[in-house]
Structure formats: structure tokens, C-alpha cells
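J.: Take a look at this one; I'll ask things after.
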Amino acid sequence: MARALRARGDPSLHLTLEIFHDADHLGVGPRGITHGLKVVLGRKAADLGGR
């Protein structure tokens, strides 16, 4: 998927790829969502933990 998106050559696309080698099919969902939110919102916002 990442390769296909990069091939489009969209200059406004900022893509981050991370492979979770130690996660199974059920565990990758929550980890992926958390990781995605940290990337989009920034670590500082994610570290606040809803405070």
C-alpha cells in the first residue's frame, strides 16, 4: 500500500510506514491506531492522555 501511494507522486502526501513484527492480527489494530494518532497529532498531544 505504501509503495502504491508513493508511486502517485503527490507532493502533499507525508507517509510514514511502520511494520509491527511482534504484533498478531488482533493486536495490530489498537497499536496501529495509537501509532497513527501519535504521528498525526504529535507525541506531545498523545502523551497528555486526555488531560
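Rule-based calculations on the coordinates, nothing more; no lab input. All of these numbers come straight from a predicted model, not from anything done at the bench. All Cβ positions, even for glycine, are placed from backbone atoms using ideal geometry, and neighbour counts span all protein chains on display.
J.: Are any residues in the range 16-30 out of contact with any Gly (no Cβ under 9 Å at 6 or more places or on another chain) and over 23 Å from Ala4 (Cα atoms), and if so, which ones?
T.: Once the filter is applied, which keeps residues that are out of contact with any Gly (no Cβ under 9 Å at 6 or more places or on another chain) and over 23 Å from Ala4 (Cα atoms), the range 16-30 yields Asp22, Asp24, Leu26, Gly27, Pro30.
J.: Restricting the first residue to the range 1-12 and requiring it to be surrounded by 10 or more Cβ atoms within 10 Å (Cβ to Cβ), which pairs with a second residue that is aliphatic (A, V, I, L, M) meet a Cβ separation below 8 Å and a spacing of at least six or different chains?
T.: Sorted first by the residue in the range 1-12, then by its partner, the pairs are Ala2/Leu15; Ala2/Leu17; Leu5/Leu13; Leu5/Leu15; Arg6/Leu13; Arg6/Leu15.
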